[in-house]
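J.: Can you keep this structure in mind? I'll have questions shortly.
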Amino acid sequence: MKALFSDIRAAVVSTLVFAVVLCGLYPVAVWGVSQVAFKRKADGSLIVDKDGTVRGSSLLGQVFAGEKYFHTRPSAAGAFGYDGASSSGSNLGPTSQKLNDAIKDRIAAYRTTEGLAATAAVPADAVTTSGSGLDPHISVKNAELQAARVAKARGLGVEKVKELIAASTTKPDLGILGDAGVNVLELNLALDAAK
Amino acid sequence: MHSTDWLQFALFIGLLALITKPLGIYLTQVLDVNGKTWLDPVIRPLERLTYSLMGLDRNKEQGWKQYTLAMLLFSLVGVLFTYLILRYQHLLPLNPQHLPGLSDHLAFNTAVSFTTNTNWQSYGGESTMSYFSQMVGLTIHNFTSAAVGISIAAALVRGIARASATTLGNFWVDLVRTTYYLLLPLCMVFALFLVSQGIVQNFKPYDTAKLVEAQTVQVAKMDASNQPVMDAAGKPVMEDKTVAEQTIVQGPMASQIAIKMLGTNGGGYVNANAAHPFENPTPLSNFVQMLSIFAIGSALTYFLGRMVKNQAHGWAVWAAMMLLFVGGVLVCAHFEAAGNPIHQALGVAAADGNMEGKEVRFGIFNSSLFATITTAASCGAVNAMHDSFTAIGGLVPLFMMELGEVVIGGVGAGLYGMLVFVVLAVFIAGLMVGRTPEYLGKKIQAYDVKMAMLSLLVLCLSILGFTAWACVSDWGLAGLNNAGPHGFSEILYAYSSATGNNGSAFAGLTANPANGDPHYNVTLAFAMLIGRFLMIVPIMALAGSLVQKKIAPPSAGTFPVSGATFTILLIGTVVLIGALNFLPALALGPIVEHFFTAGGKLF
């Protein structure tokens, strides 16, 4: 019985000590160092305009629908997509009728918007939702297919738009890790700044 | 697979092999009460202080029953601690979003989920949990449930290594030393690296961004009592609404993500887990996160070899794990890269593979690799939505969990799970040659095999039993997001994940429905408890039996537990038992769905 009580004491006390060390000192120490060393990143990589308004985060995608802008991927986050407070994928499986219908509609819309042939293959990322619903990137192929429309809408040369695409393209880390992607928010802000 | 995919894969396995030995040697010092590490000057005073507050004599060892009892008491206190925090988070500090307390069954499910190292998320992180709940209620278990797993593995290894003894070490000492000397320092460095990649770490409220392009959307018009207004034809009246803002989630994320990976917990800070750009911003952060999931589990095989003074045995176990792992990755990546023929017929570029539920920065290969790692280990973090994988691509993570998560496995849990298979493998080998089976000089007798089988059968019973129940119940079917065989896969995946203490999901399944039906939350919580503790108790009994046995010197008839023969036998045992238990169920889910996909049948 005495052994049981000493075990109960050990269980309660260790839980409390761990709460102080692991849940108090540790996160605060990480916070302290990162606020000094990586201030912008620790605060969410925010993009702030001249008058101090937060316009987004470099890491998070936003919805774009206008013809002057590059379009992000479809999104299942929240009711209207790219809802930062409810990140989510569609979670629809390979034999889902609902997913099939959505992809069919998106392919038709993409071909119309970008002026593609009725049988042209469409980049997969352009018609599928991402895992988070906040994917900031589109594939390079997808961006190139949108370049002509954006250039025309803005009265810019296609070459200029392609330059901006290249400037907003994230290369694979260390040359081999992950896939290249075009950061759509940064690209669209660069376009707005260019004209 | 592209050439860069092969390079990444080779880099991953190469680096893992490189860190296995040094980290394994470090573990032998951490798991020795008199061990010496270079962190002693900093941490020894904290360790001493903790012992004295606990009233602990660190040199007093425990037998298997005392050791297990201490572990159970500690876990019980942990469940209560977190349950109370979650229920009353609205009364506690650090809740800038003013989130309410959780319902009783959701709090119970979550407290059990984190205590058992499962980290199944029945809740949506950013919309449910206050900073205090995340940082204290959940993070404490990320550390301690990992430390408990490592402690149990250490006790079992001592049971194998010691001869004619009765004690297996002291649970409290193992718990404290693992937490302070192993997990905490590694997490400090790792968390800072993660912030350098873009993971947030702050205590400010969520930010609101003004969208670059405001969107006009159609929503149903609501009347004063918040009911949709209907037109003459009985259809809801639509009105325009402008969406001009985006919420940007904040909080102490990096410190939690570090231990979530290293401790194979997997419970994300936000709903989308490691697919969310804040939890996993770059391919480099993704790569290091994958490595950290496997790091400790891999090092524990080296620890095993060192403790039993047979390093070749440790590497043979590691090799068996790696071969199973490589097989899983190749199958998963192949089917994800091949994509979905139904969608390709609609016009999706075939070369792009299956991108539904995947992030562009990770692409097909890193999503497949992550999915296999997270289920081979009992991590459960996800960087892509497994629910949207192709049929066979999704079968791989499911089967990895059903093998018992012994392919590296959860920290500690993977090793003790694999040692159960080792006992069975030498037993089968003994039957084949007609000798009393021996493992490292110890006779494996009826009691030992019974305990080993018990720990495996309990898993099988929980997974298949609960799945069967949910399949024929209204509450079970109400939670589904997909119809047809994929719906069945969602249920099977949920109970495999909960019982295996994994925590990943075919996340379309709603375990926490709006009508408050508690069945999923409660049954999943019991699956987690069964998968954790009803597995540990027989394993500790096995350790208690092994530690008392004499070690006989090897003879000409001894079956060697290293080398290719042993590795192949071990793989065979794992696959055979996994397949016998679960193939019929898998045939009803992903396997039949694969043929439906090829035939273009939709549900």
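J.: Between B:A351, B:A299, B:A312, which is in contact with a helix residue (DSSP H, G or I) (Cβ under 6 Å, 6 or more places away or on another chain) and either more than 10 Å from chain A (Cβ to nearest Cβ) or part of a helix (DSSP H, G or I) (or both)?
T.: B:A299
J.: Oh, and also: Among the residues of the range A:23-35, is any at pLDDT 95 or above, farther than 20 Å from B:T82 by Cβ and not in a helix (DSSP H, G or I)?
T.: No, every residue in the range A:23-35 fails to be at pLDDT 95 or above, farther than 20 Å from B:T82 by Cβ and not in a helix (DSSP H, G or I).
J.: Consider B:I342 carefully, then state whether it is part of a helix (DSSP H, G or I), out of contact with any Asp or Glu (no Cβ under 9 Å at 6 or more places or on another chain), more than 14 Å from chain A (Cβ to nearest Cβ) and surrounded by 20 or more Cβ atoms within 10 Å (Cβ to Cβ).
T.: Judged against the criteria, B:I342 is not a match.
J.: Given the criterion in contact with a Gly (Cβ under 8 Å, 6 or more places away or on another chain), acidic (D, E) and in contact (Cβ under 8 Å) with a residue 60 or more places away in the chain, identify the matching residue among B:E61, B:E47.
T.: B:E61
This table checks each residue for (1) assigned to a helix (DSSP H, G or I); (2) within 22 Å of B:A351 (Cα to Cα); (3) within 23 Å of the chain's Cα centre (by Cα); (4) among the polar types (S, T, N, Q).
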{"residue": "A:Y110", "(1), (2), (3), (4)": "yes, yes, yes, no"}
{"residue": "A:D125", "(1), (2), (3), (4)": "yes, yes, yes, no"}
{"residue": "A:S132", "(1), (2), (3), (4)": "no, no, yes, yes"}
{"residue": "A:K160", "(1), (2), (3), (4)": "yes, no, no, no"}
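J.: I've got another one for you. Looking at B:L168, is it closer than 30 Å to B:I408 by Cβ, of a type outside the set (K, R) and away from chain A (no Cβ under 12 Å)?
T.: Yes: the conditions hold for B:L168.
To keep it simple, each residue is scored yes or no on (1) surrounded by 15 or more Cβ atoms within 10 Å (Cβ to Cβ); (2) of a type outside the set (G, A, S); (3) outside any helix (DSSP H, G or I); (4) away from chain A (no Cβ under 14 Å).
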| site | (1), (2), (3), (4) |
| --- | --- |
| B:N521 | yes, yes, no, yes |
| B:I539 | yes, yes, no, yes |
| B:I551 | yes, yes, yes, yes |
| B:S555 | no, no, yes, yes |
| B:A587 | no, no, no, yes |
| B:V592 | yes, yes, no, no |
| B:A598 | no, no, no, no |
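J.: Got a sec? Which of B:G410, B:G393, B:G404 is more than 29 Å from B:A514 (Cβ to Cβ), touching a Cys at 6+ places or on another chain (Cβ under 8 Å), in contact (Cβ under 8 Å) with a residue 60 or more places away in the chain and not in a helix (DSSP H, G or I)?
T.: B:G410
J.: Out of the residues in the range B:215-227 meeting the condition of being surrounded by 13 or more Cβ atoms within 10 Å (Cβ to Cβ) and within 14 Å of chain A (Cβ to nearest Cβ), tell me which one is nearest to A:L189 (Cα to Cα).
T.: By that ranking, first place goes to B:Q215.
J.: Output the number of residues of the range A:163-195 satisfying the condition of being charged (D, E, K, R) and part of a helix (DSSP H, G or I).
T.: 3
J.: Determine, yes or no, whether A:K68 is more than 7 Å from chain B (Cβ to nearest Cβ), at negative phi and either part of a strand (DSSP E or B) or not hydrophobic (A, V, I, L, M, F, W, C) (or both).
T.: Against the criterion (more than 7 Å from chain B (Cβ to nearest Cβ), at negative phi and either part of a strand (DSSP E or B) or not hydrophobic (A, V, I, L, M, F, W, C) (or both)), A:K68 qualifies.
J.: Considering the range B:259-282 alone, what residues qualify as being more than 7 Å from every other protein chain (Cβ to nearest Cβ), under 15 Å from B:V200 (Cβ atoms) and hydroxyl-bearing (S, T, Y)?
T.: Of everything in the range B:259-282, just one residue is more than 7 Å from every other protein chain (Cβ to nearest Cβ), under 15 Å from B:V200 (Cβ atoms) and hydroxyl-bearing (S, T, Y), namely B:Y269.
J.: So is B:L31 buried (at least 18 other Cβ atoms within 10 Å of the Cβ), at pLDDT 95 or above, more than 25 Å from B:M528 (Cβ to Cβ) and not β-branched (V, I, T) or not?
T.: So B:L31 fits the description; yes.
J.: Residue check: is B:T110 of a type in the set (V, I, T) and under 12 Å from B:N521 (Cβ atoms)?
T.: Answer is yes for this residue.
J.: Within the range B:39-94, track down each residue that is acidic (D, E) and within 18 Å of A:L4 (Cα to Cα).
T.: B:D57, B:E61
J.: Also: Out of all the residues in the range A:100-118, is one or more within 7 Å of chain B (Cβ to nearest Cβ), surrounded by fewer than 19 Cβ atoms within 10 Å (Cβ to Cβ) and not polar (S, T, N, Q)?
T.: yes
J.: How about the range A:71-99: which of its residues are more than 8 Å from chain B (Cβ to nearest Cβ) and within 23 Å of A:A143 (Cβ to Cβ)?
T.: Scanning the range A:71-99 gives A:H71, A:T72, A:P74, A:S75, A:A76, A:G81.
J.: I would also like to ask the following. Does the range A:43-65 hold any residues that are within 7 Å of chain B (Cβ to nearest Cβ) and more than 17 Å from the chain's Cα centre (by Cα), and which are they?
T.: A:T53
J.: Given (1) assigned to a helix (DSSP H, G or I); (2) among the polar types (S, T, N, Q); (3) at pLDDT 95 or above, identify the lone condition not met by B:T4.
T.: (3)
J.: So, in the range B:73-119, of the ones that are outside any helix (DSSP H, G or I) and in contact (Cβ under 8 Å) with a residue 60 or more places away in the chain, which residue ends up surrounded by the most Cβ atoms within 10 Å (Cβ to Cβ)?
T.: The selected residue is B:T118.
J.: Search the range A:170-195 for residues that are under 28 Å from B:A209 (Cα atoms) and touching a residue at least 12 places away in the same chain (Cβ under 8 Å) and pair each with any residue that is in a strand (DSSP E or B) and small (G, A, S) when their beta-carbon atoms are under 9 Å apart and the residues are at least 6 apart or on different chains.
T.: Correct list of pairs: A:T170/A:G181; A:L185/A:G56; A:L185/A:S57; A:L189/A:G56.
J.: Also, quick follow-up: Just to be sure, is A:S58 free of Cβ contacts under 8 Å to residues at least 60 places away in the same chain and hydroxyl-bearing (S, T, Y)?
T.: The answer is no for A:S58.
J.: Of everything in the range B:123-132 that's farther than 20 Å from B:G263 by Cβ and not in a helix (DSSP H, G or I), which residue is modelled with the lowest pLDDT?
T.: Applying the filter and picking the extreme gives B:G124.
The values are calculated or read from the model by the stated rules, or taken from the named source; none is laboratory data. Bear in mind that the values here come from a model prediction, so they are computed numbers and not experimental data. Neighbour counts run over all protein chains shown; Cβ positions are idealised from the backbone, glycine included.
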